[in-house]
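Participant: I have a structure I would like to understand better, so I am pasting it below and will then ask my questions one at a time.
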There are 2 protein chains.
Amino acid sequence: MNEHAGGPPMINAFDVAKLGLLPEATQALIRRRQRVMGASYRLFYEEPVHLDRAEGVWLFDLEGTRYLDVYNNVPCVGHCHPRVVAAVREQVGRLNTHTRYLTDLVVDYAERLVATFSAGLSQVMLTCTGSEAIDLALRIARLTTGGLGVIVTGNAYHGVTAAAAEASPSLGAGVPLGPYVRTVRAPDSYRDNPATMGEEFAARVQAEIADFRRHGVAPAALLFDTVFSSDGLCTHPPGFILPAVAAIRAAGGLFIADEVQPGFARTGSAMWGFQRHRAEPDLVVLGKPMGNGMPVAGVVGRPALFDEFATRTRYFNTFGGNPVSCAAAMAVLDVLRDEALMQNAATVGAYLRAGLIDLARRFEQIGDVRGDGLFIALEFVRDRASQTPDGRLASSVVNAMRRRHVLISASGIHGNSLKIRPPLPFAIEHADLVLDALAASLEEVI
Amino acid sequence: MNEHAGGPPMINAFDVAKLGLLPEATQALIRRRQRVMGASYRLFYEEPVHLDRAEGVWLFDLEGTRYLDVYNNVPCVGHCHPRVVAAVREQVGRLNTHTRYLTDLVVDYAERLVATFSAGLSQVMLTCTGSEAIDLALRIARLTTGGLGVIVTGNAYHGVTAAAAEASPSLGAGVPLGPYVRTVRAPDSYRDNPATMGEEFAARVQAEIADFRRHGVAPAALLFDTVFSSDGLCTHPPGFILPAVAAIRAAGGLFIADEVQPGFARTGSAMWGFQRHRAEPDLVVLGKPMGNGMPVAGVVGRPALFDEFATRTRYFNTFGGNPVSCAAAMAVLDVLRDEALMQNAATVGAYLRAGLIDLARRFEQIGDVRGDGLFIALEFVRDRASQTPDGRLASSVVNAMRRRHVLISASGIHGNSLKIRPPLPFAIEHADLVLDALAASLEEVI
């Protein structure tokens, strides 16, 4: 991890102290950016990438150099997908207003979306960002349960509103956890025993529930990303989350599934991450990939919860569910289906994982390869016996790959896992490029 | 105000108990909408408007009937303005990604935007919605002052995140105010003495500061909309907000100006509402009109505050400042300048106010006409002697005008003020349509 001048650490952050090493034009733009946007804004990589355009799985800089995008889940059907672009272009010239007028598109989209969930999860409220959706889900959970206590995983990231940030331990010590927020260590299929990992996770949740009770706080929700991506990715065995879900339910709290990362078919085995586990959340938070980059997000949930919320307050989000964002979101669902991208994620993801496991035979530093579909983590360790995380190696590899024009990042508490999360139209040939670049990068930096 | 089935009151809300009175097709769509989006969503008017397209100051329903838009400040340069549409169409096919890569557009836009502020307010952080911007401003204020206390006006609305909602008394008793939120009655130029109104407002702020101190709470901020639109609109005399701003400063708190309503030249006399008063906020919240409907919002502020925030935490908003929203926002600034819309707001607003004052000679129920530029309130009272608010008359007039295809709404604690807030390319001929429709509506309903 690099330390930003004066700020808390962030994985794969550009270090402004090294500004002088960059090309003149890049330095100038970064200086302007810092002057007008301030120090909270961070850039990726030792040498930030200056982008001009994008298409499919490719990003292009100002000189026309292309970079393979192995990191961005937002453009889930590919950057500037022609059908999404056409949908936005049509709608933006026709109507873009809010939900206090009747419009067909938002209703049509809401119906299409909830049809991808089980019958119990039949309503959706639309926001603009995942942070707003997390914030709304927490409001609904606290209001409908009458409880305040929220349990999250140890390195979770759930967003940037005050309520989301105070439930996001990955933001670091500078952002205190809320007084009614408790953390539990996330499951870790590399270090835990997979056979007992789920029960152990549930026991940790149970302990926090007990601690809440001891403090006179009723639990409102257990909230986690169903692939635990910020905690380092944990996807197998399917079903391991069920005991923890049962524990929060037994305590009168809700299970909120954060699907911002695994959602929209990325895992290859299901449209939603919780479906891989045959779990049934009370509330589901959707975000990033929903509109392929157009701001749209939402909360899907049980009507009884939304009804209870509605007896207390109305909900209006001026841009939430606007027709332009809905047009993009509808096109995303169309493309996912017509281009069979879930199947593609499964096929290409399996091919890429196999290639990475092959690579692990050559490099002792690769401790583990795990994931599902096109969400894969490759964990670097000092050695396999100790399993000691090696965040420095991950950082070196990320930057070596960037020099080879392959854009990737790292994740996990120790920043030692490569986070492989490309747009879903990623093909076998692109997987081969990743494998080649990774092998070359490892040979360079080890 | 209509009561939504089981829910809290909202001005000008459609009453679902009257669903059976609507055309069959409208009923069907509303039923689908309720089934899939739930009861928190509300519609405007006794007979909701079902929209298909929009252009300039006109909205069109599915039958092609056109409605004059006298209410929406979001499409500030007009619905589907060709330059905004062209900018979005170009950028959405080129690149739409986040701020951890370098892109020119977000920096170019940020510089253009802050150039409309005084030199001290030289930085901006970008979000997607005004709610997110309010939430961020409160985080920054609380972190940099070390205080928790926030003072807002009695019927303020600031947004829907947990932190914004608990500082939004207009959401009603179902949404409790935060433990560190206090309200003060907003200035009321109709009932207060304009000469002493500012000092009296400051005295109320001072009293809450003292009460905070008595409870051991340090004040973080005084937050208000600089035209007090949810409180019923109060724009004159310029300068009346200054004593209250001085009071919060003296107590170590910040002044946060909510410019979601008055911002982007609407008042005709300044780009920003606080500039009308020659006030200098610490933080300024921008929202709705910023991207003419594309989701973009932000916080403008003093660099020292943003620097202090950055020592504690990074800030990343995936869709915040995305290139497509920035392209729209840049086009908005271009159109405001090239079509001289601030001047137009001043000219047409003055014409419309004069016409409304004329109308007040015929109708004793019009107690007051006030505002600036194209933000005007017309207040209905039982009689001028008592100044008793007449929310029922306002509601009848809003719906009578809707039947005449003029879309407007009401505001204020008693819902008795017409809220006249059209897109800024509103012309004299449109003002005449409003005056005619209002006269006819008043003759019908009184």
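The values are calculated or read from the model by the stated rules, or taken from the named source; none is laboratory data. Quick caveat, the model's predicted, so the values are computed rather than measured. Every residue, glycine as well, gets a Cβ built from its backbone with ideal geometry; the counts of neighbours run over all protein chains shown.
Participant: Report whether or not B:Leu177 is free of Cβ contacts under 8 Å to residues at least 12 places away in the same chain and either in contact with a strand residue (DSSP E or B) (Cβ under 9 Å, 6 or more places away or on another chain) or in a strand (DSSP E or B) (or both). Break it down stepwise before answering.
Facilitator: Numbers: free of Cβ contacts under 8 Å to residues at least 12 places away in the same chain: yes; either in contact with a strand residue (DSSP E or B) (Cβ under 9 Å, 6 or more places away or on another chain) or in a strand (DSSP E or B) (or both): yes.
Yes, satisfied.
Participant: Checking the condition in contact with a Lys or Arg (Cβ under 6 Å, 6 or more places away or on another chain) and either among the hydroxyl-bearing types (Ser, Thr, Tyr) or within 30 Å of B:Gly130 (Cα to Cα) (or both), which residue from A:Ala331, A:Ala327 passes? Before you say what the answer is, go through the steps one by one.
Facilitator: Working: A:Ala327 fails: in contact with a Lys or Arg (Cβ under 6 Å, 6 or more places away or on another chain).
After applying the criteria, what remains is A:Ala331.
Participant: Here's something else I'd like to know. What helices (runs of 4 or more DSSP H) completely inside region A:74-158 contain at least 2 residues that are within 22 Å of the chain's Cα centre (by Cα) and on the phi < 0 side of the Ramachandran plot? Outline the logic, then answer.
Facilitator: On the way: elements: A:82-92, A:104-114, A:130-145.
Counting at least 2 such residues, we get A:104-114, A:130-145.
Participant: Could you check region B:358-380 and list, in sequence order, the residues that are surrounded by fewer than 21 Cβ atoms within 10 Å (Cβ to Cβ) and among the aliphatic types (A, V, I, L, M)?
Facilitator: Of everything in region B:358-380, those that are surrounded by fewer than 21 Cβ atoms within 10 Å (Cβ to Cβ) and among the aliphatic types (A, V, I, L, M) turn out to be B:Leu359, B:Ala360.
Participant: Take the conditions in the same structural domain as A:Gln261 (by TED's automatic domain parsing), in contact (Cβ under 8 Å) with a residue 40 or more places away in the chain, under 20 Å from the mean Cα position of the chain (by Cα) and part of a loop (DSSP other than H, G, I, E, B) and apply them to A:Val227. Does it pass?
Facilitator: Working: in the same structural domain as A:Gln261 (by TED's automatic domain parsing): yes; in contact (Cβ under 8 Å) with a residue 40 or more places away in the chain: yes; under 20 Å from the mean Cα position of the chain (by Cα): yes; part of a loop (DSSP other than H, G, I, E, B): yes.
Yes: the conditions hold for A:Val227.
Participant: Now for a different question. Checking the structure you have, find out if any residue of region A:376-397 is assigned to a helix (DSSP H, G or I) and of a type in the set (D, E, K, R).
Facilitator: So the first thing to find is which residues in region A:376-397 are assigned to a helix (DSSP H, G or I), and the list is A:391-397.
Filter once more, so that each one left must be of a type in the set (D, E, K, R): A:392.
Scanning region A:376-397, I find at least one residue that is assigned to a helix (DSSP H, G or I) and of a type in the set (D, E, K, R), so the answer is yes.
Residue-wise test of (1) more than 30 Å from B:Leu254 (Cα to Cα); (2) crowded, with 21+ Cβ neighbours inside 10 Å; (3) aromatic (Phe, Trp, Tyr); (4) free of Cβ contacts under 8 Å to residues at least 40 places away in the same chain.
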site	(1), (2), (3), (4)
B:Pro303	no, no, no, no
B:Arg312	no, no, no, no
B:Asn317	no, yes, no, no
B:Ala340	yes, no, no, yes
B:Gln343	yes, no, no, no
B:Ala346	yes, no, no, no
B:Gly349	yes, yes, no, no
B:Leu356	yes, yes, no, no
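Participant: Taking into account only those residues within region A:259-283 that are away from chain B (no Cβ under 14 Å) and not in a loop (DSSP other than H, G, I, E, B), which is nearest to A:His79 (Cα to Cα)?
Facilitator: That would be A:Gly273.
Participant: So if I check each of A:Val124, A:Val57, A:Val114, which one is β-branched (Val, Ile, Thr), in contact with a helix residue (DSSP H, G or I) (Cβ under 7 Å, 6 or more places away or on another chain) and in the same structural domain as A:Asn399 (by TED's automatic domain parsing)? Break it down stepwise before answering.
Facilitator: Details: A:Val124 fails: in the same structural domain as A:Asn399 (by TED's automatic domain parsing); A:Val114 fails: in the same structural domain as A:Asn399 (by TED's automatic domain parsing).
Sole residue among the options that is β-branched (Val, Ile, Thr), in contact with a helix residue (DSSP H, G or I) (Cβ under 7 Å, 6 or more places away or on another chain) and in the same structural domain as A:Asn399 (by TED's automatic domain parsing): A:Val57.
Participant: Checking the conditions here, which among B:Ala246, B:Ala257, B:Ala202, B:Ala210 is assigned by TED's automatic domain parsing to the domain that holds B:Leu121 and within 23 Å of B:Pro289 (Cβ to Cβ)?
Facilitator: Working: B:Ala246 fails: within 23 Å of B:Pro289 (Cβ to Cβ); B:Ala202 fails: within 23 Å of B:Pro289 (Cβ to Cβ); B:Ala210 fails: within 23 Å of B:Pro289 (Cβ to Cβ).
That would be B:Ala257, the only listed residue that is assigned by TED's automatic domain parsing to the domain that holds B:Leu121 and within 23 Å of B:Pro289 (Cβ to Cβ).
Participant: Can I ask one more? List the number of the failed condition for B:Gly412; all other conditions in (1) surrounded by fewer than 16 Cβ atoms within 10 Å (Cβ to Cβ); (2) within 20 Å of B:His236 (Cα to Cα) hold.
Facilitator: That leaves (1) as the condition not met.
The rows are residues; the columns are (1) among the hydrophobic types (A, V, I, L, M, F, W, C); (2) modelled with pLDDT of 95 or more; (3) assigned to a helix (DSSP H, G or I).
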position: B:Gly6; (1), (2), (3): no, no, no
position: B:Ala17; (1), (2), (3): yes, no, yes
position: B:Ala25; (1), (2), (3): yes, no, yes
position: B:Ala28; (1), (2), (3): yes, yes, yes
position: B:Arg31; (1), (2), (3): no, yes, yes
position: B:Arg35; (1), (2), (3): no, yes, yes
position: B:Ser40; (1), (2), (3): no, no, no
position: B:Pro48; (1), (2), (3): no, yes, no
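Participant: If I go through region A:100-109 residue by residue, how many of them are within 7 Å of chain B (Cβ to nearest Cβ) and of a type in the set (A, V, I, L, M)?
Facilitator: 2
Participant: Any residue at all in region A:82-99 that's within 27 Å of A:Ile420 (Cα to Cα), facing another protein chain (nearest Cβ under 7 Å) and surrounded by fewer than 24 Cβ atoms within 10 Å (Cβ to Cβ)?
Facilitator: Step one: filter region A:82-99 for residues within 27 Å of A:Ile420 (Cα to Cα), giving A:82-85.
If we keep only those that are facing another protein chain (nearest Cβ under 7 Å) as well, we get A:85.
Then drop every residue that is not surrounded by fewer than 24 Cβ atoms within 10 Å (Cβ to Cβ), which leaves A:85.
Checked region A:82-99: at least one residue is within 27 Å of A:Ile420 (Cα to Cα), facing another protein chain (nearest Cβ under 7 Å) and surrounded by fewer than 24 Cβ atoms within 10 Å (Cβ to Cβ).
Participant: Any idea which of (1) surrounded by fewer than 20 Cβ atoms within 10 Å (Cβ to Cβ); (2) more than 7 Å from every other protein chain (Cβ to nearest Cβ); (3) at pLDDT 95 or above is the one A:Gly147 doesn't satisfy?
Facilitator: Evaluating A:Gly147 over (1) surrounded by fewer than 20 Cβ atoms within 10 Å (Cβ to Cβ); (2) more than 7 Å from every other protein chain (Cβ to nearest Cβ); (3) at pLDDT 95 or above leaves (1) as the failure.
Participant: Sticking with this one: So the check is Cβ under 9 Å with 6+ separation or different chains; which pairs have a first residue in region B:265-284 that's without any contact (Cβ under 8 Å) to a residue 60 or more places away in the chain and under 18 Å from B:Pro187 (Cβ atoms) and a second one that's of a type in the set (Phe, Trp, Tyr) and in a helix (DSSP H, G or I)?
Facilitator: none
Participant: Here are some residues: B:Ala310, B:Ala329. Which one is under 25 Å from B:Val88 (Cβ atoms), of a type outside the set (Lys, Arg) and in the same structural domain as B:Ala133 (by TED's automatic domain parsing)? Please lay out each step first, then the result.
Facilitator: On the way: B:Ala310 fails: under 25 Å from B:Val88 (Cβ atoms).
Going through B:Ala310, B:Ala329 in turn, just one is under 25 Å from B:Val88 (Cβ atoms), of a type outside the set (Lys, Arg) and in the same structural domain as B:Ala133 (by TED's automatic domain parsing): B:Ala329.
Participant: Okay, moving on. Among the residues of region A:110-142 satisfying the criterion of being more than 17 Å from A:Ser325 (Cβ to Cβ) and more than 10 Å from chain B (Cβ to nearest Cβ), which is surrounded by the fewest Cβ atoms within 10 Å (Cβ to Cβ)?
Facilitator: This residue is A:Ala119.
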